[in-house]
Amino acid sequence: MLTFPNAKLNLGLYVTAKRPDGYHALETVFLPLPWTDALEVLPAPKGQAGTSLALTGRPIPGEATTNLCVKAYELLKADFPALPFAQMHLHKLVPIGAGLGGGSADAAFALRALADVFELNLSVAQLEGYARRLGADCAFFIQNKPCLALERGDVFEPISLDLRGTPCVVVYPGLHISTAQAFAGIVPQAPSISLREALGQPMSTWRDTVSNDFEASLAPAYPVLADIKAQLYAAGAAYASLSGSGSAVYGLFPGASEAPALAWPSDYLVWRGQL
Ligand SMILES: C[C@@](CO)(OP(=O)(O)O)[C@H](O)COP(=O)(O)OP(=O)(O)OC[C@H]1O[C@@H](n2ccc(N)nc2=O)[C@H](O)[C@@H]1O
Ligand SMILES: Nc1ncnc2c1ncn2[C@@H]1O[C@H](COP(=O)(O)OP(=O)(O)O)[C@@H](O)[C@H]1O
């Protein structure tokens with residue numbers, strides 16, 4: 001089975017409280033972003049004594065055994081001891097540690113594909129339960145549709161927001177920012193206007209009402225993030241923001257026929273397309 005794990009964008013992100021488990025409570029909207037990896041999951045060929053993961057594309061830090069696709073397999077194997085060995089191939093294209101959730105998407109798509117290939121008959125709730133154990137934002141990728149996310153970013157409420165077809169530019173300047181470190185720089189606080197209410201207004205108002213708490217805390221150490229955002233606004237973005245804990249920054253261009261091609265330094269990774 002061949003799947004295409006897509007990235008995500010955070011539209012608004014508020015860190016509202018520190019939880020007793022050490023994690024933080026969030027208020028954010030997740031949007032699927034069609035910047036994808038490719039992941040193939042097959043039953044292992046006869047004679048293969050274990051589950052394998054072949055990796056191509058962008059190098060992923062760490063041993064293949066720590067890859068979230070392998071962890072997804074092991075999580076299922078613990079509950080389904082008869083699970084046959086799998087042969088997986090991940091072609092990595094989404095930048096790693098960019099606030100785009102690429103690793104989490106691979107994990108969630110691996111869970112779904114393994115459940116399909118080996119006919120485990122898992123419900124959406126069961127798949128989300130497994131995904132939550134692999135990472136806070138993994139569970140979003142099981143249903144993979146725009147939603148308001150609360151608690152650790154793994155409890156979802158529907159939201160009526162249709163941005164499909166909106167031209168979008170995502171710019172990754174290559175800074176790897178640790179998610180744990182980024183959270184450590186924030187003093188939790190509820191937003192003055194709830195995200196649901198702010199996003200219910202026209203996109204032209206979002207610049208003043210919808211923000212990502214990580215932007216202010218990362219700004220002193222990483223001034224390039226504000227520079228990219230300013231360039232996206234100068235190019236006509238109706239809304240621009242950091243995604244997640246960075247360092248990818250995106251701009252939305254709802255009035256344009258296509259996303260503008262801007263000149264960025266050659267070592268930046270850039271995605272242009274429609275949501
Ligand atoms: C910040 C967000 C926003 O969407 O996105 P990214 O920037 O990573 O894409 C996510 O909450 C990231 O989710 P994810 O990357 O799955 O986090 P995990 O691997 O579970 O956790 C990494 C570390 O981040 C911190 N963490 C994560 C989520 C959360 N709600 N509170 C936290 O405090 C914890 O210190 C944890 O040890
Ligand atoms: N399949 C995978 N793709 C990307 N990163 C992975 C994968 N498996 C494990 N990781 C680890 O997850 C971390 C990055 O996660 P990722 O989802 O790309 O970033 P972010 O949380 O910023 O959105 C890295 O430390 C990387 O080593």
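Taking 0.36 nm per intervening residue step and subtracting the Cα-Cα distance, what contour gain separates ARG196 from ALA235 on full extension?
Length difference between fully extended and current span is 11.3 nm.
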**Message:** Under 5 Å between amide hydrogens, which residues at least 5 positions from HIS24 or on another chain qualify, with H placed 1.01 Å from N in the peptide plane?
**Reply:** ARG19
**Complete:** With a ≥ b ≥ c from the Cα gyration tensor eigenvalues, square-rooted, and the rule rounded for a/c under 1.5, otherwise prolate when a/b > b/c and oblate otherwise, the stretch 163-274 is oblate
**Asked** Which whole-Hz ³J(HN,Hα) couplings does the stretch 231-244 yield from phi under the Karplus relation 6.51 cos²θ - 1.76 cosθ + 1.60, θ = phi - 60°, glycine and proline marked x?
**Response** 5, 5, 5, 4, 7, x, 4, 7, 8, 9, 6, 5, 9, x
**Item:** Within the stretch 21-172, percent of DSSP bridges classed antiparallel, to nearest 5
**Value:** 70 percent
**Prompt:** With each pseudo-label sitting 7 Å past Cα toward Cβ, what's the MET203-LYS46 distance in nm, one decimal?
**Reply:** 5.5 nm
**Asked** Which value, in debye to the nearest 20, gives the size of the charge dipole of the stretch 2-157 about its Cα centre, when Lys and Arg are +1 and Asp and Glu are -1 at the Cβ?
**Response** 200 debye
**For the stretch 176-186, 3J(HN,Hα) per residue [Karplus equation, 6.51 cos²θ - 1.76 cosθ + 1.60, θ = phi - 60°, Hz, x = Gly/Pro]** = 8, 10, 5, 4, 4, 5, 5, 5, 5, x, 10
**Request:** Step through the residues of the stretch 73-80 one at a time and calculate ³J(HN,Hα) from phi using the Karplus curve (6.51 cos²θ - 1.76 cosθ + 1.60, θ = phi - 60°), rounding each to whole Hz and writing x for Gly and Pro.
**Result:** 4, 5, 4, 5, 4, 5, 8, 10
**Request:** Assuming a ≥ b ≥ c are the square roots of the Cα gyration tensor eigenvalues, decide whether the stretch 129-210 counts as rounded (a/c under 1.5), prolate (otherwise, with a/b larger than b/c) or oblate.
**Result:** rounded
**Prompt:** By the gyration tensor of its Cα atoms, with a ≥ b ≥ c the square roots of the eigenvalues, what is the shape of the chain: rounded for a/c under 1.5, prolate for a/b over b/c, or oblate?
**Reply:** prolate
**Fill in**
For the stretch 2-67 the mean separation of alpha carbon contacts under 8 Å (6+ apart) over residue count, i.e. relative contact order in percent, is 31 percent
**Pairwise FRET efficiency - ALA17 versus ALA263, Cβ, R0 = 41 Å, nearest 0.05** = 0.50
**Request:** Taking H placed 1.01 Å from N in the peptide plane, check which residues at least 5 places from THR51 or on another chain put their amide H under 5 Å from its amide H.
**Result:** ALA86
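How do SER160, SER194, SER241 line up, fewest other C-beta atoms within 10 Å first? Could you put the intermediate results ahead of the total?
On the way: SER160 8, SER194 14, SER241 25.
Lowest count first: SER160, SER194, SER241.
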**Request:** Using DSSP, restrict attention to beta bridges with both residues in the chain and report what percent are antiparallel, rounded to the nearest 5.
**Result:** 85 percent
**Request:** Quick one: order PHE253, PHE4 by neighbouring beta-carbon count within 10 Å, fewest to most.
**Result:** PHE4, PHE253
**Asked** Using modelled amide H (1.01 Å from N, peptide plane; none on Pro or chain starts), what sits under 5 Å from the amide H of ILE177, excluding residues fewer than 5 places away?
**Response** SER247
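Output the relative contact order of the stretch 2-157, whole-number percent, from Cα pairs under 8 angstrom with separation of 6+ residues.
Details: 311 pairs, mean separation 45.6, N = 156.
Here the relative contact order equals 29 percent.
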**Distance in nm between pseudo-label sites at ALA38 and ASP162 (7 Å out along the Cβ direction from Cα)** = 3.2 nm
**Message:** Suppose a student asked you for the relative contact order of the chain, using Cα pairs under 8 Å spaced at least 6 residues apart; what percent would you report?
**Reply:** 23 percent
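Every number in this text was worked out from the coordinates using simple rules, so none of it is lab data. Source: prediction; values computed, not measured. Here the Cβ is made from the backbone with ideal geometry for all residues, glycine too, and neighbour counts use every protein chain on show.
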